[in-house]
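The values are calculated or read from the model by the stated rules, or taken from the named source; none is laboratory data. Just so it is clear, the model here is predicted, and its values are computed rather than measured. Here the Cβ is made from the backbone with ideal geometry for all residues, glycine too, and neighbour counts use every protein chain on show.
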Amino acid sequence: MKALVVYGSRYGTAAEIAQEVARVIKDEGVEVDLEDARGIKDCDVSPYDLVVVGSGIKIGKWTSKSLKFLKDNRSSLANRKVAIFVSCGAANEESSRAEGQEKYLDEVAAKNLINEPLSTGLFGSVYDPEANHGLMFKMVNRSVRKNLQKQGIDPSKRLDYRDWGEIRSWARGLVDKLKNDS
């Protein structure tokens, strides 16, 4: 069995998740190729039993290259097991997880895949007050800082909301589904 993990990442958060997903899949005995979507021009997905595509979310959007990969390979992905994941702030709080699932996973799958995905993963993000994420981040950051302070969290410190146990479990689940369907 062989898997392809493709990711789009602006600040490295989704890349780190993709790397861990690829590592877990490999540890489960599946050959894995890991690709940054920015480096993909033409991709033949036919050698792969499983294709995992992930993205970081910024201002409510997937990275353009990871979406392009889904669109460009839509028909060939119909014959593969496909899983998608995102790293986003909507996953950081239980109150916004359902909205994040719908907007960033269910809607993207419906628009870009012919078949239902094998699985979807909604994973937390990283808040880094020292990072330069542009004007929009600066504007939104004021609100985020106030919200963190209300929760008793120091907004001057980097916060990693990713649950690595959940990410590893999700990746192992992909391999289990792949092996059970073979």
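Of R172, R142, all but one fail to be modelled with pLDDT under 95 and in a helix (DSSP H, G or I); the exception is R142.
Tell me the residue from K103, K81, K71, K58 that is touching a residue at least 24 places away in the same chain (Cβ under 8 Å), closer than 20 Å to V32 by Cβ and surrounded by fewer than 23 Cβ atoms within 10 Å (Cβ to Cβ), please. Going through K103, K81, K71, K58 in turn, just one is touching a residue at least 24 places away in the same chain (Cβ under 8 Å), closer than 20 Å to V32 by Cβ and surrounded by fewer than 23 Cβ atoms within 10 Å (Cβ to Cβ): K81.
Going by the conditions given, is A22 surrounded by 24 or more Cβ atoms within 10 Å (Cβ to Cβ) and assigned to a helix (DSSP H, G or I)? When the stated conditions are applied, A22 does not pass them.
Quick check on E28: is it more than 19 Å from A109 (Cα to Cα), more than 15 Å from the chain's Cα centre (by Cα) and touching a residue at least 40 places away in the same chain (Cβ under 8 Å)?
On the way: more than 19 Å from A109 (Cα to Cα): yes; more than 15 Å from the chain's Cα centre (by Cα): yes; touching a residue at least 40 places away in the same chain (Cβ under 8 Å): yes.
Judged against the criteria, E28 is a match.
With respect to the conditions (1) at pLDDT 95 or above; (2) in contact with a Cys (Cβ under 7 Å, 6 or more places away or on another chain); (3) not small (G, A, S), V86 lacks only one, and its number is (2). Within region 7-19, the set of residues being part of a helix (DSSP H, G or I) and among the polar types (S, T, N, Q) comprises T13, Q19. Of the residues making up region 1-15, those that are surrounded by fewer than 18 Cβ atoms within 10 Å (Cβ to Cβ) and either in contact with a Pro (Cβ under 7 Å, 6 or more places away or on another chain) or farther than 22 Å from D42 by Cα (or both) are K2, Y11, G12.
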